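Here is the structure we will look at.
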Amino acid sequence: MLSFRHSIFFKIIILFLCALLSFFAISYYFIQEHIENENILSELRYSQFTTTINEIMQHGGNLQIIKQYLQTMQFVPVEEEEIKRVLQEINKLPTDFEGVFAKAINTQNGIYILLETHNETTLYKDNSRKSYEDFYIITLIGIILLTFVFFIVLKSLMPLKILKGQIKQFADGAFTPQYKQNTKDEIGELYCEFHKASNKIKSLNESRSLLLRSIMHELKTPITKGRIVAEMVENDSQKQQLCSAFMRLNDLINEFAKIEKINSKSYHINKQEFLLYDLIHHTEEMLLIHDSSPITLESENALIKADFDLFAIALKNLLDNAIKYSTDGKVRVYTKNDKLYTSSKGEALQYPLEDYFKPYFKNEKSPQSQGFGLGMYIIKNTLDNQGFDFSYKYEDGCNVFIIHHCVVENYCPIKPKKGD
C-alpha cells in the first residue's frame, strides 16, 4: 500500500510549505533591510537637523524659532514624560551651560531630537517617517495568494484519489465506474480514457464468459448422452472405463467453470478444515488413478485449511505434472510445519518458476519437449485466490514444490478407513 510520504499530495504539501517559508523569509529579510537602511538615513538626516539647529542658535536664534523650524520639517513634540525624563537623565546638561542644546538620539522606539535648556525640555519625533504596515499587508496578501493557489492545485488533483479508488474497484471486478469527472484538464481526459478502457474490457470479459459458458454447456450435452450410452454397454470392464472417461470429462468442465469464476472475480472462497488423506483420495479419483496410485502419502493425518474444491484442483494439476514428468512415474506428498510438499524425481526446471505460470508455456531450449499447458497457470491462480504462497526448489535430484501456510496441524486423529 502506498504510504502518505510517497504520495504526490505529500510532495505538494512539502513544496507549498517550502514556498511559504521561503516567501516569508525573503519578505522578512527585505523589510528588515529596508528598516535598517531607513534608520541609517534617518540618523544622518537628524544629525543634519541638529547641525542646522546649532547654526540657528549661533546666528542669534531662540527656542521658539527652532520649534517652528522643526514643525516645518514635520516634527511633532512627544508628550511621553517618562521618555523625556530618561533621555534628559542620559543627556544631562552641565550646570554652567547656557542656551539651547539639540541632539539626535537613536532608541529602540525610534530616533528623536531632544531640545533642552535649564528651564525646559522638548522631545520631537519625525511625523513624516514611513509606516511599514504596507509591507506587512503585501506580505500577508502574498501568503494568502500562495495558500489559495495551494488549495486550487489540491482541488484539481483530488480527482486522482477518486480515480485511484475506481481503478482499484475495477481491478477487483467492478467494471462500471460510478464517478464521472467533467473537468477539461488532463485528469478529465485520463478519466475519460479509463472509462472507455473499462467499458471495452467489460465487454470483452462478458463475451469471453459467454463463450466459455456456451462451450461448456454444449460439451455437457454430448457427455451426458455418452454416459447414458456407456451404461448400456454389457461388458463391465468397458462400461467402467467409458463411464470413468465421461466422468473425467465432466469434472474437467466443472473445473474450468470454477477457473472462469475465479478469473471473473465471482467465485466465493469457502475455507474449511479437512484431512490431507481425504484430499489425496479425492485427487486420485479426479486423476482416475485410485486403483493403482503412484502417490506416496507420508502425512495422511495432517489437517489442511483451504477451499476444498479449489485446493483439490491445484493439487490435482500439481500431482499430474509431477507424475507426468518424473523419471520413475511416482510422487511423494508430505507436510512440514505449515507447508505442503510434493517431491518427484526428474531434471530441474530450466527457467524461473514464474515463467511456467504463463498459459501454455513451452521450453524453447528443447522444442521437442512437452509443455505444461494450463496446469501451472491453474495452480498459481487457485492458490493466489486462497492467499497461499507457492515456491519451488531442486533437492537431491528431486523437483520439490511447496504450498505455504495451508497446513493447520501436522497430526490429528483420522477417521477409520473403510475395511479397517
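All of the numbers you see were taken from the coordinates with simple rules; none came from a lab. All values derive from a computational prediction rather than experimental measurement. Cβ sites come from the backbone with ideal geometry, for glycine too, and all protein chains shown count toward neighbours.
Each label point was placed 7 Å from the Cα along the Cα-to-Cβ direction; for TYR351 and HIS290 their separation is 3.6 nm. Exposure proxy ranking for HIS217, HIS405, based on other Cβ atoms within 10 angstrom of each Cβ and starting from the fewest, stands as HIS217, HIS405.
Inter-label distance, GLU260 to ASP309: 1.4 nm, where each label sits 7 Å from its Cα along the C-beta direction. With a cut-off of 14 Å on the backbone N, the residues of the stretch 276-296 near the modelled label site 7 Å out from ARG248 along Cα-Cβ are 284-294. Once the Cβ-Cβ distance of LEU211 and GLU33 is raised to the sixth power relative to R0 = 60 Å, the FRET efficiency obtained is 0.20. Put a dot 7 Å past the Cα of LYS168, heading toward its Cβ, do the same for ASP236, and the two dots end up 6.2 nm apart.
Using a Förster distance of 51 angstrom, determine the FRET efficiency expected from the C-beta separation of THR147 and GLU43, and round it to 0.05. Write out the running numbers ahead of the final one.
Details: r = 38 Å, r/R0 = 0.75.
That gives a FRET efficiency of 0.85.
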